[in-house]
1. On C-alpha positions alone, give me the angle between the axis of helix 108-127 and the longest principal axis of the chain, in degrees, nearest 10.
2. Along the Cα→Cβ direction, 7 angstrom out, place labels at Glu92 and Glu25. What is the inter-label distance in nm?
3. How many angstrom lie between the C-alpha centres of segment 18-35 and segment 69-100?
4. Given a 1.4 Å probe, how much area per residue of the chain is accessible, in Å²?
5. Residue separation times 0.36 nm, minus the C-alpha to C-alpha distance between Glu35 and Tyr169: what's the value?
6. With everything on Cα atoms, drop me the angle between helix 151-170 and the longest principal axis of the chain, reported from 0 to 90° to the nearest 10.
7. Return the sequence-ordered ³J(HN,Hα) values of segment 87-103 in whole Hz as given by the Karplus equation 6.51 cos²θ - 1.76 cosθ + 1.60 applied to θ = phi - 60°, using x for Gly and Pro.
8. Which order do the peptides 48-57, 70-79 come out in when sorted by mean C-beta neighbours inside 10 angstrom, highest first?
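The values are calculated or read from the model by the stated rules, or taken from the named source; none is laboratory data. Since this is a predicted model, take the numbers as computed values, not measurements. Counting neighbours? That spans all protein chains shown, and the Cβs are built from the backbone with ideal geometry, glycine included. Accessible surface is based on the protein model in full, side chains and every heavy atom, while ligands, DNA and RNA are left aside. Shrake-Rupley method; radii C 1.70, N 1.55, O 1.52, S 1.80 Å.
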Amino acid sequence: MFDDGPMPVKTRSTAQGVFELLRGEIVLNQLKPLEPIREGQIAERIGVSRTPVREALLRLADLGLVDIYPQSGTRVAPIRLSKVRAAQLIREAVEVEVVSRAAARMTPAALSAIDAIIEDQARAATRGDTRRLYELDEAFHRAIFEIADCLAAADELEDVKLHLNRLRYLSVDWPRSADYIVAEHRLIREALGAQDAVAAAAAMRTHLRAVLVPLEMMSRRNGIAAAI
């Protein structure tokens, strides 16, 4: 009698790895909107069977990152304006509340950590290192969640932010945008340092609404975004 107990665990683990890989490639625009995805090619490239690839694609479809058409195949989903707007609204509601709480809990050590992230961001912007600046942007916001003792809320936002992050990686005129991002982070930092919850909330709201500008630019580009 065969002992096949461990196999489902291995399959799930492999599917998780494929899911994380494809999710990253879609968000980073390495797999572009409307690009066909073929299970066989993905499986061969990664070195796995088709089963975990199929499982990963089903999860990505649930997140709205791929569109699966029976009998026709799978494509990377377009950046849908409705999803980006919804994600921005949800993120704003959560992070404005979180930064208000963080302002009341600021410590010199927490402020120093925020300062270090911002300075690293400024250096990344100077180098034109887009990917590093985005990584530090995530670190900046996560640090605020940590100060507010709300890391669980940050984790819950991760799937929602995927649609926003896709737009950010497709944004144009990056150097100017980088300068604005660093400047806006400095304003949030100043409010946090002063433990001014109202100013921190206002600065965070302004910062998060900035994504609506490239959103409207994208809405006018054929084949990139779809108002669905």
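1. Rounded to the nearest ten degrees, it is 70.
2. Spacing of the two 7 Å Cα→Cβ label points: 3.5 nm.
3. The two parts, judged by their Cα centres, are 15 Å apart.
4. Details: 12280 Å² over 228 residues.
Result: 54 Å² of accessible area for each residue.
5. Value of the extension gain: 46.6 nm.
6. 80
7. Working through the residues one at a time gives 5, 5, 5, 5, 4, 4, 4, 6, 6, 5, 5, 5, 5, 5, 5, 5, 4 Hz.
8. Values: 48-57: 18.4, 70-79: 15.6.
Output ranking for 48-57, 70-79: 48-57, 70-79.
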